[in-house]
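Below is one structure, written out as structure tokens; comments come after it.
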Amino acid sequence: MSKEGTLFDQIIDKTLPADIVYEDDYVLGFKDINPQAPVHILFIPKIRIATHNDIDAENMDYVSKMHLAINQYAKEIGEDENGYRLVMNCNKNGQQTVFHIHIHFLAGRAMSWPPG
Ligand code: 5GP
């Protein structure tokens with residue numbers, strides 16, 4: 001994993017502004033700058049895990065906490081029953097552009113399947 005950080009470190013540090021909708025000691029949730037659905041939130045761990053391939057026994061607690069945060073947020077905005085889509089892109093074929101794992105939380109409309 002590269003030692004270099006990403007812009008998400010600056011969002012965690014609050015040196016780069018973001019529209020934060022969820023925060024706890026482990027996880028931050030903020031609006032995607034280029035939303036693909038009426039609700040498009042990025043949930044990130046407050047430590048740098050570059051890709052899904054870098055999740056391991058030591059850091060998986062952060063990943064669990066991301067999912068708990070998503071459940072809490074979905075309920076809070078009343079989209080838990082309607083449903084939503086979670087996406088995590090990995091590396092080139094997955095079209096990952098920011099190398100700090102993030103779960104895209106997409107809601108507010110029916111999603112199509114399969115994705116492109
Ligand atoms: P990826 O393609 O890596 O799965 O997703 C990266 C996401 O980060 C994209 O959906 C993109 O719109 C979002 N993004 C990139 N730069 C910024 C930024 O400066 N602020 C916010 N809020 N989102 C960003």
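Observations
- Reach of residue 14 by Cα under 24 Å, taken over lysines that are not fewer than 8 positions away in the same chain: 3, 31, 46, 65
- Hydrodynamic radius (Kirkwood) for the stretch 1-59, which is based on Cα pairs only, to one decimal in Å: 12.5 Å
- Candidates 38, 113, 22 compared by Cα position along the dipole of the stretch 1-114: farthest toward the positive end lies 113, with charges placed on Cβ.
- Just the protein heavy atoms count here, and of the accessible area of the chain at 1.4 Å, carbon and sulfur take up 50 percent.
- Sequence-separation-based contact order of the chain, relative, with Cα cut under 8 Å and 6+ spacing, percent: 30 percent
- With at most 11 neighbouring Cβ atoms within 10 Å, loop GluC sites (Glu not before Pro) (DSSP) excluded, longest segment of the chain: 5-57
- Rg of the Cα atoms in the chain, relative to 2.2 N^0.38 Å, amounts to 1.03.
- Nearest 10 degrees, 0 to 90: helix 60-76 Cα axis against the chain principal axis: 30 degrees
- With both labels modelled 7 Å from their Cα along Cα-to-Cβ, the residue 9 to residue 76 distance reads 2.7 nm.
- Accessible surface, the chain, averaged per residue in Å² (probe 1.4 Å): 62 Å²
The values are calculated or read from the model by the stated rules, or taken from the named source; none is laboratory data. Not measured: the values here are computed from a predicted model. Positions of Cβ are backbone-derived with ideal geometry, glycine not excepted, and every protein chain shown enters the neighbour counts. For accessibility, only protein heavy atoms count, side chains too; no ligands or nucleic acids. Shrake-Rupley method; radii C 1.70, N 1.55, O 1.52, S 1.80 Å.
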